[in-house]
2 protein chains.
Amino acid sequence: MLASEFSENLKKYADLIIHVGLNLGKGQRLAIINLSTAGVQLHAAPLVREITCSAFQAGAEDVEVFWGDEAINLLRYENASEKVIARYPSWQVKGIMDIIESGGAVLTIRSNNPDLLGNIDPDLLSKAQAAYWEAVNPILEKTGSNTVNWCVTSASSPDWAPRVFPLASPEEAYENLWQAIFQITRVDQPDPGAAWEAHIKELESRSQYLEAKQYAKFHYQAPGTDLTVGLPKGHLWGSARDLAKNGIDFVANLPTEEIFTLPHREQAEGIVRATLPLPYGGITIEDFSLTFENGRVVKVNAKKGEKVLQNLIDTDEGAARLGEAALVPHNSPIAQRGHLFYNPLIDENAACHLAIGKAYPFTLKGGDSLSKEEFAEHGGNNSLIHIDFMIGSNEMDIDGITEDGTVEPVMRDGLWAFDVY
Amino acid sequence: MLASEFSENLKKYADLIIHVGLNLGKGQRLAIINLSTAGVQLHAAPLVREITCSAFQAGAEDVEVFWGDEAINLLRYENASEKVIARYPSWQVKGIMDIIESGGAVLTIRSNNPDLLGNIDPDLLSKAQAAYWEAVNPILEKTGSNTVNWCVTSASSPDWAPRVFPLASPEEAYENLWQAIFQITRVDQPDPGAAWEAHIKELESRSQYLEAKQYAKFHYQAPGTDLTVGLPKGHLWGSARDLAKNGIDFVANLPTEEIFTLPHREQAEGIVRATLPLPYGGITIEDFSLTFENGRVVKVNAKKGEKVLQNLIDTDEGAARLGEAALVPHNSPIAQRGHLFYNPLIDENAACHLAIGKAYPFTLKGGDSLSKEEFAEHGGNNSLIHIDFMIGSNEMDIDGITEDGTVEPVMRDGLWAFDVY
């Protein structure tokens, strides 16, 4: 990639984030953050500056960047006491909440090193992660309920890229990862905005089809997977574009290839095998499966990271139950690339997935106006955490089962089994 | 400079900052900041990481870094409204105050681009600066009164270095500035710690000599300068090392070559010409002189930046009066380098200087236990600002005048005119 081509793509990417992702409104404040690393990584500065330019051009009132540095985070893990490691910078949370409460938008830029904390004691990691979820919960409550327009996107980084492209030199890997990000976010297309409009429309059609069907449950079948998941009455399907409570249409993830709905917190039976590793909290959980009874995980099995996974599921009652069921065809542009990104926000767009933990109230009709208890009575799950894990593959079949027991194919061999045209 | 030599010097510099500058105590928290750029510049990351290592090795409880980016600051100045530009990130102030209130230490790393805001309207700059002083005042109150151990030091940067070394290529300038920083902080000496102990002792001897003299006033004479400054009864001389109220001995500036005392807020008569430009708030004020009557600036004259200087002096009543009188011999290592650093914290060690604005209560006997009003009655000045400007040169003569009118030489041709051995 020539330097000039890179600059041009970076600018197009920044514009896409501001205009399609956040759809930033005139006069809005913008917080640029990365909660999981306690600040946007420093090497993302060239992108952050382009985004700031684009935000001001779009009429932003202000742009405030909350920076962080994984190298410092690692030094804290290696040297500080457990109590200190678990202490999340509360001034960051306060600063971000101030912007949200003023109606401002929130942009996350992820470029996490998935293996940063690979040598840290899993127990310590789990305790720190539990404290992290607690500390950032006020922010996740606001974004998770679409109080304001928000967006999560990625930047290449020298620490992350070599994990994605292990055979390339570090410099090539860094550049390859930027090129991959530009491709999967459609930035390399002549008119990224138009490409996104077409893409969003297709996802909306699929999502409307399934919402009208109101299946009572889904039955997932694949090697190592035989799982039935109930879908509450009035479940809504979401896709790329959401309407925030501040009146702004936005796209919460760039890229996004999924459509998703609300699983019933008490209705999951059987076993499901993850088809992709799960990077979580600085380590990677690999080759794992979960067994459900009455909606609750009763058995955890993992070749790597089992302890961290078990601790994650033990975070609270809701962490052992499902909060999201999402469909992604196996021919999505990200799946077609045929490699992992070791970034759940991207990898979740390569395969059908489920999430344990907190469900989105907006995936239930009238869910936004329910109390937590009422939401739970309707099947909506609550938890401090929300973690996606990938279960899809070209061997995944999914059936939709209606109230009266009719079985209809939704996916076959990982591809859509219904037409919307 | 070889890469290995650079790494070694960077590590020695970090150790010097932790052990001599801050003298960081076991169990202390450490905030790494730069108020004037709303965060430590991102390119200082290699130094910040070494300091973090060194801090943990010294037994720090925690290290928290408040990052900022001048490129984003400039975009805000160019695009945001006056109201927004004047809004300093209050979450940074809160986060830093939280650390200070826990007894933690504060380290400032400066690498400001002195010309960043050269094209911004001076009125806007002055308004933003006034709001800045107001916003950061709680922190300056605490460090200015030595509540905790604190230190101000520097890092080379791609934006700052070319201003210091305009004839070098940008890469050479960046490296030259690092070398200069290592030299003026004695990091390039075989045992920097021992070199600092010897240096601190000499400054202490000079300072004890002058404190015992208790001169009633100083008379400054040089081309363009004929100024008499009263020194209050009980004025104390400070030098490199201070004792913080948390019981820790520390060196507040690296480098430091000055000894300093309290001028009487109502006793300055005559004219003083600055001998070095004054970088302030992103522009450089050049070729200026101030005329004093009854301790107050009554006339400002500057070839460049006069408006910004006048606005600065108009900040509040105390901004037009003196808060510090400092002596630096013209053969100090920094003066001998023969070039400007465009960084007042370094340049102030190249020449005798005065400061307008806030005086340090610890430069008056018993000053720490006085109210602001009582401190003022004894001649101590108060203001939101504290700005040093350089008046020394190889043509500067200073006389000390005792209570009974005896005139004694303190400096001649910019060099010490008394012996302490």
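Quick one: which strands (runs of 3 or more DSSP E) lie wholly within the range A:262-341 and hold at least 2 residues that are free of Cβ contacts under 8 Å to residues at least 60 places away in the same chain, open to solvent by 20 Å² or more (accessible area, probe 1.4 Å) and more than 26 Å from A:Ala240 (Cβ to Cβ)?
Values: elements: A:268-273, A:278-280, A:283-293, A:296-304, A:322-327.
Answer list for the range A:262-341: A:268-273, A:283-293, A:296-304.
Can you tell me which residue is nearest to A:Leu74 (Cα to Cα) among those in the range B:65-87 that are modelled with pLDDT of 95 or more and not in a helix (DSSP H, G or I)?
Checking each candidate, the answer is B:Val65.
Considering only residues that are part of a helix (DSSP H, G or I) and without any contact (Cβ under 8 Å) to a residue 24 or more places away in the chain, look in the range B:155-175 and name the one that is most open to solvent (accessible area, probe 1.4 Å).
Step one: list which residues in the range B:155-175 are part of a helix (DSSP H, G or I), which gives B:161-164, B:170-175.
The next check asks that each one be without any contact (Cβ under 8 Å) to a residue 24 or more places away in the chain; those that pass are B:161-162, B:170-174.
Numbers: B:Ala161: 0, B:Pro162: 46, B:Pro170: 84, B:Glu171: 130, B:Glu172: 103, B:Ala173: 0, B:Tyr174: 68 Å².
Checking each candidate, the answer is B:Glu171.
Going through the range B:116-150 one residue at a time, which ones are closer than 20 Å to B:Pro279 by Cα and of a type in the set (Lys, Arg)?
B:Lys127, the sole residue that qualifies.
Can you tell me which of B:Ser383, B:Ser393 is within 17 Å of the chain's Cα centre (by Cα) and outside the structural domain of B:Leu177 (by TED's automatic domain parsing)? Step through it out loud before you land on a result.
Numbers: B:Ser393 fails: within 17 Å of the chain's Cα centre (by Cα).
Exactly one of B:Ser383, B:Ser393 is within 17 Å of the chain's Cα centre (by Cα) and outside the structural domain of B:Leu177 (by TED's automatic domain parsing), namely B:Ser383.
Quick test for you: out of A:Val328, A:Val420, pick the one residue that is of a type in the set (A, V, I, L, M) and more than 15 Å from the chain's Cα centre (by Cα). Lay out the reasoning, then the answer.
Values: A:Val328 fails: more than 15 Å from the chain's Cα centre (by Cα).
Step by step, each of A:Val328, A:Val420 is checked, and only A:Val420 is of a type in the set (A, V, I, L, M) and more than 15 Å from the chain's Cα centre (by Cα).
Mind listing just one residue for me: the one in the range B:67-91 that is within 23 Å of the chain's Cα centre (by Cα) and within 7 Å of chain A (Cβ to nearest Cβ) and, of those, surrounded by the most Cβ atoms within 10 Å (Cβ to Cβ)?
B:Trp67
Could you identify the single residue in A:Glu202, A:Glu197 that is surrounded by fewer than 21 Cβ atoms within 10 Å (Cβ to Cβ), modelled with pLDDT under 95 and under 23 Å from A:Thr363 (Cα atoms)? Let's see the steps before the verdict.
Details: A:Glu197 fails: modelled with pLDDT under 95.
Just a single option satisfies the conditions, and that option is A:Glu202.
Would the range A:145-154 turn up any residue that is more than 14 Å from chain B (Cβ to nearest Cβ), among the hydrophobic types (A, V, I, L, M, F, W, C), surrounded by fewer than 22 Cβ atoms within 10 Å (Cβ to Cβ) and in a loop (DSSP other than H, G, I, E, B)?
no
Going by what's in this entry, would A:His219 be described as out of contact with any His (no Cβ under 9 Å at 6 or more places or on another chain) and not assigned by TED's automatic domain parsing to the domain that holds A:Leu370? I'd like the intermediate steps shown before the answer.
Details: out of contact with any His (no Cβ under 9 Å at 6 or more places or on another chain): yes; not assigned by TED's automatic domain parsing to the domain that holds A:Leu370: no.
Taking the combined requirement at face value, the residue does not satisfy it.
Which members of the range B:362-402 meet the condition of being touching a residue at least 24 places away in the same chain (Cβ under 8 Å) and either basic (Lys, Arg) or part of a strand (DSSP E or B) (or both)?
B:Leu364, B:Lys365, B:His386, B:Ile387, B:Asp388, B:Phe389, B:Met390, B:Asp397, B:Ile398, B:Asp399, B:Gly400, B:Ile401, listed by residue number.
Would a scan of the range B:38-45 turn up a residue that is touching a Ser or Thr at 6+ places or on another chain (Cβ under 8 Å), under 29 Å from A:Val48 (Cβ atoms) and open to solvent by 30 Å² or more (accessible area, probe 1.4 Å)?
Within the range B:38-45, one or more residues are touching a Ser or Thr at 6+ places or on another chain (Cβ under 8 Å), under 29 Å from A:Val48 (Cβ atoms) and open to solvent by 30 Å² or more (accessible area, probe 1.4 Å).
Consider only pairs whose beta carbons are under 6 Å apart and that are at least six residues apart or on different chains; among these, list those whose first residue lies in the range B:36-59 and is at the interface with another protein chain (Cβ under 7 Å from one of its Cβ atoms) and whose second residue is among the charged types (D, E, K, R).
Short answer, once both residue conditions are applied: B:Leu42/B:Asp69.
Can you tell me how many residues in the range A:92-127 are open to solvent by 20 Å² or more (accessible area, probe 1.4 Å), over 18 Å from A:Leu75 (Cα atoms) and assigned to a helix (DSSP H, G or I)?
Residues that pass the stated criteria total 4.
Would you pick out the residues in the range A:403-421 that are of a type outside the set (D, E, K, R) and assigned to a strand (DSSP E or B)?
Start the filter on the range A:403-421 by keeping residues that are of a type outside the set (D, E, K, R), which leaves A:405-407, A:409-411, A:414-418, A:420-421.
Listed by number, the residues that qualify are A:Val407, A:Pro409, A:Val410, A:Met411, A:Leu415, A:Trp416.
The values are calculated or read from the model by the stated rules, or taken from the named source; none is laboratory data. All figures in this text were calculated on a predicted structure; none of them were measured in a lab. As a convention, Cβ positions derive from the backbone with ideal geometry for all residues, glycine included, and neighbour counts pool all protein chains shown. Only protein heavy atoms, including side chains, enter the accessible area calculation; ligands, DNA and RNA are left aside. Shrake-Rupley method; radii C 1.70, N 1.55, O 1.52, S 1.80 Å.
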